[in-house]
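Since every read-out is calculated from the coordinates, none of them should be taken as a lab result. Please read all numbers here as calculations on a predicted model, not as lab measurements. Counting neighbours? That spans all protein chains shown, and the Cβs are built from the backbone with ideal geometry, glycine included.
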Amino acid sequence: MAVKAFVSGCAGTALDAGERAFFADEQPLGLILFRRNCEDPGQVRALVAAFREAVGRPDAPVMIDQEGGRVRRLRPPAWPDYPAAGVLGAIAAADPESGVRAAWLQGRLMAADLADLGITVDCAPVLDVIIPGASEAIGDRAFGADPALVTRLGRAEAEGLLAGGVIPVIKHVPGQGRALVDSHHDLPVVGADPATLEATDFLPFRALADLPAAMTSHTVFTAFDPDRPATTSAILIRDIIRGRIGFDGVLFSDDVSMNALAGDHRARGAAIFDAGCDIVLHCSGLIEDMRAIADVTPALSGAAARRVARMMDALSAPEPLDRPAARAEFEAILAGARVGA
């Protein structure tokens, strides 16, 4: 049975019979986990295994948003804690070498946590360049306001994830740091001119365009397409993300259920594919909406299939890590920054 070009969520901490049948019949590329799905390590391992058993693919990607700070689906006491990217950015602003090391260690340690559970894809790092006065939807999820700093720390964290056998997904391309509203609730509109966007927002994504996967931004950029957010804009995907930025990895949509997008789920899914996204991401775990997305999702084929194959080829066995020593070094850098402050 052909794999379909979408990734789905699920409702709870275990698959029910309806979800198992849906995954077996519809064959989504992968599964994405949220806080509602993560209780303790044994339960998450069982959930991951149940999904892969349902689709009959032991290597099916399982994704999660584990950034640190506000956006971390795995939390204490069951899992170690991690700071927001903005904390790492502040460390790097004072001591670039320590900041880059902390970003790599955070990626490597998070990868170890994820690999223990069978999770193979992390929707991180955030490469958005934060602009003062923008919505707090990004806020301290961003490394900072300096595109060069965001680039260095994003590269370090991504390399830490890859070293731990986890695929990073850079987000939110081509940039969401200027958004004045939260795309979960409203449609952000950015009116910056092309030269400004090239010099700031686009720069980290261009520098990390060699990475295997990215997630779109549900943001309108009026300089290029005043009518559609990047996720559903053929102009933004073809001319900016694939063109000026030069990204040729797997392009995931941000969550199709967010209110920034117009229409019902079928209309949204169709618009995302028409614009040129490779994979639609559906996160809510609501079975009727999952079915609507599945109905409009094509089989994975052509350029999208080749990109997914390259992404999966980027997975490798984790490099050796002395985990207690790495965690101690990471905590020491964080502690030193707190003392210095």
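Among what's in segment 182-218 and is more than 17 Å from the chain's Cα centre (by Cα), loosely packed, with under 15 Cβ neighbours inside 10 Å and in contact (Cβ under 8 Å) with a residue 40 or more places away in the chain, pick the residue that is farthest from L236 (Cα to Cα).
Checked segment 182-218; the qualifying residue farthest from L236 (Cα to Cα) is H185.
Anything in segment 284-318 that is charged (D, E, K, R) and loosely packed, with under 12 Cβ neighbours inside 10 Å? List them, or say none. Outline the logic, then answer.
Filtering segment 284-318 down to residues charged (D, E, K, R) leaves 288-289, 291, 295, 306-307, 310, 313.
Correct list: E288, D313.
Could you pull out every one of the helices (runs of 4 or more DSSP H) wholly within segment 1-110 that has 1 or more residues that are touching a helix residue (DSSP H, G or I) at 6+ places or on another chain (Cβ under 8 Å), of a type in the set (G, A, S) and within 18 Å of A124 (Cα to Cα)? Can you show your working first?
Working: elements: 17-26, 41-55, 85-94.
It comes to 85-94.
List, please: which pairs have Cβ atoms under 9 Å, are six or more places apart or on different chains, and start with a residue in segment 315-328 that is acidic (D, E) and end with one that is surrounded by 12 or more Cβ atoms within 10 Å (Cβ to Cβ) and not in a helix (DSSP H, G or I)?
Once the first residue is acidic (D, E) and sits in segment 315-328, its partners that are surrounded by 12 or more Cβ atoms within 10 Å (Cβ to Cβ) and not in a helix (DSSP H, G or I) give E319/G164; E319/G165.
So, E19, is that one without any contact (Cβ under 8 Å) to a residue 12 or more places away in the chain and either polar (S, T, N, Q) or surrounded by 14 or more Cβ atoms within 10 Å (Cβ to Cβ) (or both) or not? Before you say what the answer is, go through the steps one by one.
Numbers: without any contact (Cβ under 8 Å) to a residue 12 or more places away in the chain: no; either polar (S, T, N, Q) or surrounded by 14 or more Cβ atoms within 10 Å (Cβ to Cβ) (or both): yes.
So E19 does not fit the description; no.
Hey, among the residues in segment 219-265 that are β-branched (V, I, T) and part of a loop (DSSP other than H, G, I, E, B), which one's surrounded by the fewest Cβ atoms within 10 Å (Cβ to Cβ)?
Ranking the qualifying residues of segment 219-265, first place goes to T222.
Please determine, by comparing only the residues of segment 266-283 that are part of a helix (DSSP H, G or I) and in contact (Cβ under 8 Å) with a residue 60 or more places away in the chain, which one is surrounded by the most Cβ atoms within 10 Å (Cβ to Cβ). Full working, then the answer.
Just the residues of segment 266-283 that are part of a helix (DSSP H, G or I), to begin with: 266-275.
Pick out the ones that are also in contact (Cβ under 8 Å) with a residue 60 or more places away in the chain and you get 269, 273.
On the way: G269: 26, F273: 20.
For segment 266-283, the residue satisfying everything is G269.
Out of all the residues in segment 108-141, which are within 13 Å of Q176 (Cβ to Cβ), aliphatic (A, V, I, L, M), crowded, with 24+ Cβ neighbours inside 10 Å and in contact with a Gly (Cβ under 6 Å, 6 or more places away or on another chain)?
L127, V129, I130, I138
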